[in-house]
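For reference, the structure discussed in these notes is given below.
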């Protein structure tokens, strides 16, 4: 595995977008853009996908606005956090890199929702879209998440509503929520340095996540629920 990469930045609409490219920019293979989840933590936890560049393919990671190394907006109100703005940032990055004639996208979790929204625009250069662990319906996703939670630690609907839903995972969360994360999301003691880095970024500024998704993985009470 070749860990050599090109680091770059794009500035548009008062947003500095940090990106990283693995592989050969002159390769004839279709470039792949990786869209991270969250939003809030950056792309680092997905860096194992850099192995897809071993055959020379250009693989692009970037931190969405409010995430990772890109510009943060901790005091922006809810109206600032929109799918349209995330789509605009993605489209501008595609043009900035000069790959608008042909590219594919892999989106994880929230990144998969963003990838699907991008595909709905029917851009001429989009060759393929891969959705990884991304919900097709947030209502159904939350229903199943609560079922899995109760299978681990049964609680009344009132306790889930009043104790679990408002809890923030990085701020003294209840042990039942920690157990759910360890079983179905990830363990906060994860040893992989790339995962630790994304977790630290998330904990430092979870603004986008709280506004778009909610207080925690079970809550799903943010703007995306609409």
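Answer with yes or no whether residue 86 is under 17 Å from residue 17 (Cα atoms), surrounded by 19 or more Cβ atoms within 10 Å (Cβ to Cβ) and touching a residue at least 12 places away in the same chain (Cβ under 8 Å). When the stated conditions are applied, residue 86 passes them.
Restricting segment 124-165 to residues that are in contact with a strand residue (DSSP E or B) (Cβ under 9 Å, 6 or more places away or on another chain) and assigned to a loop (DSSP other than H, G, I, E, B), which is surrounded by the most Cβ atoms within 10 Å (Cβ to Cβ)? Give the steps one after another, and end with the answer.
Here is the first cut: in segment 124-165, the ones in contact with a strand residue (DSSP E or B) (Cβ under 9 Å, 6 or more places away or on another chain) are 125-134.
After this cut, where a residue has to be assigned to a loop (DSSP other than H, G, I, E, B) as well, the list is 125, 133-134.
Details: 125: 14, 133: 11, 134: 19.
Applying the filter and picking the extreme gives 134.
For residue 79, the conditions (1) without any contact (Cβ under 8 Å) to a residue 40 or more places away in the chain; (2) in a helix (DSSP H, G or I); (3) over 21 Å from residue 223 (Cα atoms) are fulfilled apart from (3).
Consider residue 112 carefully, then state whether it is at pLDDT 95 or above, buried (at least 17 other Cβ atoms within 10 Å of the Cβ) and out of contact with any strand residue (DSSP E or B) (no Cβ under 8 Å at 6 or more places or on another chain). No, not satisfied. Taking (1) in contact with a strand residue (DSSP E or B) (Cβ under 9 Å, 6 or more places away or on another chain); (2) touching a residue at least 12 places away in the same chain (Cβ under 8 Å) in turn, residue 9 satisfies each apart from (2). If I filter segment 91-105 for residues that are farther than 20 Å from residue 8 by Cα, in contact (Cβ under 8 Å) with a residue 24 or more places away in the chain, touching a helix residue (DSSP H, G or I) at 6+ places or on another chain (Cβ under 8 Å) and surrounded by 15 or more Cβ atoms within 10 Å (Cβ to Cβ), do I get at least one hit? No, segment 91-105 contains no residue that is farther than 20 Å from residue 8 by Cα, in contact (Cβ under 8 Å) with a residue 24 or more places away in the chain, touching a helix residue (DSSP H, G or I) at 6+ places or on another chain (Cβ under 8 Å) and surrounded by 15 or more Cβ atoms within 10 Å (Cβ to Cβ).
In segment 166-186, the residue that is modelled with the lowest pLDDT out of those that are in a loop (DSSP other than H, G, I, E, B) and closer than 13 Å to residue 217 by Cβ is 186. Among the residues of segment 18-45, the ones that are touching a helix residue (DSSP H, G or I) at 6+ places or on another chain (Cβ under 8 Å) and under 27 Å from residue 215 (Cβ atoms) come to 12 in all.
Against the condition part of a loop (DSSP other than H, G, I, E, B), buried (at least 17 other Cβ atoms within 10 Å of the Cβ) and within 18 Å of the chain's Cα centre (by Cα), how does residue 65 come out, does it pass? Spelling it out, residue 65 is indeed part of a loop (DSSP other than H, G, I, E, B), buried (at least 17 other Cβ atoms within 10 Å of the Cβ) and within 18 Å of the chain's Cα centre (by Cα).
The values are calculated or read from the model by the stated rules, or taken from the named source; none is laboratory data. Computed from a predicted model, the values in this text were never measured in an experiment. As a convention, Cβ positions derive from the backbone with ideal geometry for all residues, glycine included, and neighbour counts pool all protein chains shown.
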